[in-house]
Amino acid sequence: MSQEPQSRTELRKFLAPEFIQGPGALGLVGRYALNLGGERVLVVSDPGVRSAGWTDAVTKVLDAVGLEWTLFDEVSPNPRTHECARGVDCFRSTGSNLIVAIGGGSPMDCAKGIAVLASNKGAITDYEGVDEVRNPGPPLICLPTTAGSAAEVSQFAIISNHEELRKFAIISRKVVPDVALIDPQTLETADAYLRACTGIDALTHAIEALVSNASSPLTDLYALEAAGLAAANLPNATEALKAHEPMEQMMQASLLAGLAFSNASLGAVHAMAHSLGGLLDLPHGLCNAILLPHVVAYNYEAAPIAFGRLGLRLGLEPNAAGKARRALIDALHTLNEKVGIRQTLGQLGVSPSDIPPLAEKALRDPCLVTNPRHPDRSEIEGIYAAAL
Ligand SMILES: [Fe+2]
């Protein structure tokens, strides 16, 4: 069980990269690539981001400052080990010395994997876990096109091992990008459903960081503000008319949540979502959205003070004595519905027979270590069953 609030005598560190946020940040990629010693650039992206025009926007800026580049856009929605291997082959064969990632969490995580392999021997699976990466990679610049993953500021890279049907985490300061260029204009091409799923991912980062056993007063500050911003702005940010202000607020929520979870780590929602992504290749944000209310229901008794602060920040009725837990769970269900996420895991194709292997993989995920309550196998299975 977590002891809350965190004792001021406990050791905590806080790590964040340099980041520039605001309209026009994308246009700085050439200057930063030169500043970091770039001579030839590997641009990592995916087909969707390329067809939205964002890879062209980046390569035009690189052209303008005279930098040669190669595009590697063979990245899946849940990036695979072999994509990291192919990417590093491309990095080496083209004589690249700097990586620019443009896209959502998948291209950025794949770029982190490529950077690890560019400076370290072996396979990307050798670097699973905490602080297993020995040598720093080449300079890495990340430009997010979704407000959710916050891979542009985090110490996490999540890669899918398709042979073993599981996702694994590389958690290391060596995968923190050198620079993040956070341009809210890039959100405009994402459709409403993608914005909903990635936005709930950001909210989940904030909530899991807030109740994590590794939280600190500093990460709480970012986590609470991120949760408030996300809950208030996500419904408007997913409207078809694409209002700028709520989308910019979601970019801010994603950044703050990223700074919180990169340093406080995550919890059972992510452990269980990674398992679903690895075994059944389901979208990360959608899995989080479906699991979040059920995991909060399970965790609440282990972190009532932190959840109480969250409820207040979300504007829930403060004097509902004994009803704060129910109010928070209901609010999370309502938010999902408001943004168009109404599926259950069963409707995504998960069957009762999938639950034991899903629980098995979730129990081994490092995100579970910082969950405020330590579930056993049957409890994890119970949460999956409730979300079915
Ligand atoms: Fe996430």
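Since every read-out is calculated from the coordinates, none of them should be taken as a lab result. Since this is a predicted model, take the numbers as computed values, not measurements. Cβ sites come from the backbone with ideal geometry, for glycine too, and all protein chains shown count toward neighbours.
Brief remarks follow.
- Net +/- balance of residues flanking residue 206 in space, Cβ distance below 11 Å, scoring K and R +1, D and E -1: -3
- Net charge of Cβ neighbours under 12 Å - reference residue 152; Lys, Arg +1; Asp, Glu -1: -3
- The alpha carbon gyration tensor of the stretch 129-219 gives principal lengths a ≥ b ≥ c with a/c below 1.5, which makes the shape rounded.
- Against the chain, whose longest principal axis is taken from its Cα atoms, helix 217-237 shows a tilt of about 90°.
- In straight-distance terms, cross-link reach from residue 121 covers every one of the aspartates and glutamates whose alpha-carbon lies under 17 Å from its own, apart from those fewer than eight places away in the same chain; here that gives 83, 89, 131, 132.
- GluC sites (Glu not before Pro) within the stretch 114-216: DSSP coil, no more than 11 neighbouring Cβ in 10 Å: 163
- The chain: C-alpha gyration tensor shape, a/c 1.5 cut-off, then a/b vs b/c: prolate
- Taking the longest Cα principal axis of the chain as reference, the axis of helix 377-386 is set at about 90 degrees.
- Euclidean distance of C-alpha centroids, the stretch 63-109 and the stretch 267-299, integer Å: 28 Å
- Loop-located GluC sites (Glu not before Pro) in the stretch 238-340 (DSSP state other than H, G, I, E, B) with a sparse environment of at most 14 neighbouring Cβ atoms within 10 Å: 239.
- GNM top mover of 228, 105, 267 - the chain, alpha-carbon springs below 10 Å: 228
- Counting only residues at least eight positions apart within a chain, or on another chain, the lysines with an alpha carbon under 27 Å from that of residue 13 are 112, 167, 174.
- Exposed loop sites here mean trypsin sites (Lys or Arg not before Pro) with a DSSP loop assignment and at most 15 other beta-carbon atoms within 10 Å; the chain contains its longest site-free run at 135-322.
- Computed helical MRE - 222 nm, the chain, DSSP H runs ≥ 4 contributing -39500 (n - 2.57), nearest 500: -15500 deg cm²/dmol
- When both bridge partners sit in the stretch 16-126, DSSP labels roughly 0% of those beta bridges antiparallel.
- Long-range amide H partners of residue 21 with built H, under 5 Å: 182
- Beta bridges per DSSP with both ends in the chain, % antiparallel, nearest 5: 20 percent
- Result for the chain in a Gaussian network model with C-alpha springs under 10 Å: among 94, 146, 55, the largest mean-square fluctuation is at 94.
- Prolate/oblate/rounded call for the stretch 169-220, Cα gyration tensor, a/c under 1.5 rounded: oblate
- Net charge contributed by nearby residues that have their C-beta within less than 13 Å of residue 182 (K/R +1, D/E -1): -4
- Ordering 198, 145 by the number of other Cβ atoms within 10 Å of each residue's own Cβ, fewest first, gives 145, 198.
- In the chain, the longest principal axis of the Cα atoms and the axis of helix 324-338 are about 50 degrees apart.
- Dipole moment magnitude, nearest 20 debye, the stretch 191-386 about Cα centre, only Lys, Arg, Asp, Glu C-beta charged: 260 debye
- The stretch 16-57-the stretch 212-265 distance, computed between alpha-carbon centres (Å): 22 Å
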